[in-house]
1. Quick one: grab Rg to one decimal and Dmax as a whole number for the stretch 121-275, Cα atoms only, in Å.
2. What is the Cα centroid distance between the stretch 343-361 and the stretch 160-177, reported in whole angstrom?
3. Hey, what do the phi angles of the stretch 147-152 turn into as Karplus ³J(HN,Hα) couplings, whole Hz, using 6.51/-1.76/1.60 and θ = phi - 60°, x for Gly and Pro?
4. Given 4 °C and 1.567 mPa s, how large is the Stokes-Einstein diffusion coefficient of the stretch 391-518 in µm²/s, with Rh as the Kirkwood radius over Cα pairs?
5. Which residues does a label at residue 171 reach in the stretch 118-152, if reach means a backbone N under 17 Å from a point 7 Å past the Cα toward the Cβ?
6. So, by mean Cβ neighbours within 10 angstrom, what's the order for 151-157, 180-186, 557-563 with the highest one leading?
7. What number do you get for the stretch 171-231 when its Cα radius of gyration is normalised by 2.2 N^0.38 Å, N = residues?
8. Roughly how many Å is it from the Cα centre of the stretch 520-554 to that of the stretch 390-467, as a whole number?
Amino acid sequence: MSVQDHRAYRPTPAPARSGGRPLTSTVSPWLRWITEAVWFVEHAFERARADARPEEDTRVRIFLIQLVFAGVFAFLALGAAHAALMTPKGGSGVASVAGALRRADLTDRNGQLLATNITHYGLYIDPAEVWDREAALTRIRRVMPGISVERLRRVLNGDRRLIVQPGLTPTERQAIHALALGGVSFEPEDRRVYPLNRSGVHLIGIADTGGEGISGAELAFNDEIKAAGEAGETFPLSIDLRVQGILENELDVAATEAAAKGAVGVVADARTGEILGMASWPTYDANRRGSAPDAAALNRVTSAHFEMGSVFKTFTVAAAIDTGLADLDTMIDASQAYMIGNRRISDFHATNKILSLEEVYLHSSNIGTSRLAVEMGPDTMRTYFQRFGLLDAAPIELHESARPRRPRDWSDSTRASMSFGYGIMITPLQMTAATVSLVNGGVFRPLSLRVGGTGAEGRRVVSPQTSASIRELMRANVLRGSGGQADAAGLRVGGKTGSANKLVDGRYDARHGVGSFAAVFPADGPDDAQRYVIFVLIDEPGEGSRLGGAIAAPVVGRVVDRIAGFLGVQRRVDPPVAAEVAR
């Protein structure tokens, strides 16, 4: 056949059923189009050879290669776009890794960071790929001296890939990676970290390695924190980090100087119930919680029980005023010890005279409040203590909030003891909530770690007039009574001291006691005025005075002086009458 004849040659299409061009008359148009396109490509090279046009053969091959590359590129681009647009991101911009549950950043009410997620790495070793195991052990220990030698040696001498050390920081990972050891690999872990270390640890709480809250706010708001994380938002708490820092600082100084067993401090907004600061001493590093001793791990604010002492006289007096049993001018006989059966009740600072109700409060008379409690009767006293929240766990989001240890009987003797803070053990959180209800116009509101509080309307526990009388008494106690060391210039602090001995081996031991101070500032103004409650308790001071007026009141005074500016409380000169009386 001549060249010309060869170029003119066209292969005769075979019948459709014997391998030629497929029949498409019975299929849909779009499938017919695809089938014809595939047939065209399949026979492109054959036609090029048949037409003696090798350059066409090459062009078709190049075209097909380009087409494949374009398809792969388009697929990868679509995948990258989907990941960028559809993957959720958290408040700190750290994506979830290794299947960990993404948690939102925790912040204070002003946006200051309290807790966040940072990618750490787990160190894994496959011993089958390690050439020199002893050399690997030596080199890894050189860059990570804190690693467990026993664990490292056990993995290196094992027969399968295992984790050696979780929680490596990016710096530690890079140091080991630079060793270029065989068999060493890393897996990312999304871990919860607490940049404040010891600050706020009890109220912030901690989350486990699986991304679940196990204490504090991390547990209380667990589902909401995870939901906020998935939505790329932060989760704010009600605390003010400036207030928290000052409270912790003053509490640490006082407890250390007094060689105390423990200490607590709470700052709450009396209008909303928001917690602005909550401190339990001693504390621990939230990032090293495994090494925290039990004494430091306990949140004394929510979970420790105390017989509070004379701070309870505020509740007894409030109940007496609200029922009409007494007013500030009512006279009460405290000229001699008060006898209930064979029991003798006396005053620590005896005046041996008849006192007005105001003087009973200012002189902290056990005799005076005992007489009120006995005359009030069991039903009335129980009703008011229930209203003040003293007989139930303090309502707050924290799961650690503990129930009080309350008496089973409400006899005259028991009520007398309760009137000045014995015979019932409550938590500092209960004490704070009850004080809030007495100084804000007489409305009990649940304490809260939410910004703005719970939003609950609250329930009335005493009249507005009773609340005003209590604020007046508390201010007078700072001006003329046992709370003088809590005063802060121009900030109108009011409060009540408390001192109590602990029951040790069945007897009250003066060597084991607590000193406390429950305060309000500013104490003046209308019921709905800006107002804050502070409670401080020093547990078993070993040095110096154990009295609340000497050890707890000064802490309150310093805290008020330092936080007033952050809270927008303006200083002003006290009214001339109050100043004259104070002198």
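1. In order Rg, Dmax, the Cα atoms of the stretch 121-275 give 21.9, 69 Å.
2. 69
3. 5, 6, 5, 4, 5, 4
4. Values: Rh = 16.7 Å.
Rounded, D is 78 µm²/s.
5. Hits in the stretch 118-152 for residue 171 at 17 Å: 118-121, 142-147.
6. Working: 151-157: 16.3, 180-186: 14.7, 557-563: 22.9.
Averaged packing, sorted descending, gives the order 557-563, 151-157, 180-186.
7. 1.53
8. Each part reduced to its Cα centre gives a spacing of 17 Å.
The values are calculated or read from the model by the stated rules, or taken from the named source; none is laboratory data. These figures come from a predicted structure and were not determined experimentally. When we count neighbours, we look across all protein chains shown, and the Cβ atoms used for this are built from the backbone with ideal geometry, even at glycine. Heads up: the accessible areas ignore ligands, DNA and RNA and are worked out on the full protein's heavy atoms, side chains in. Shrake-Rupley method; radii C 1.70, N 1.55, O 1.52, S 1.80 Å.
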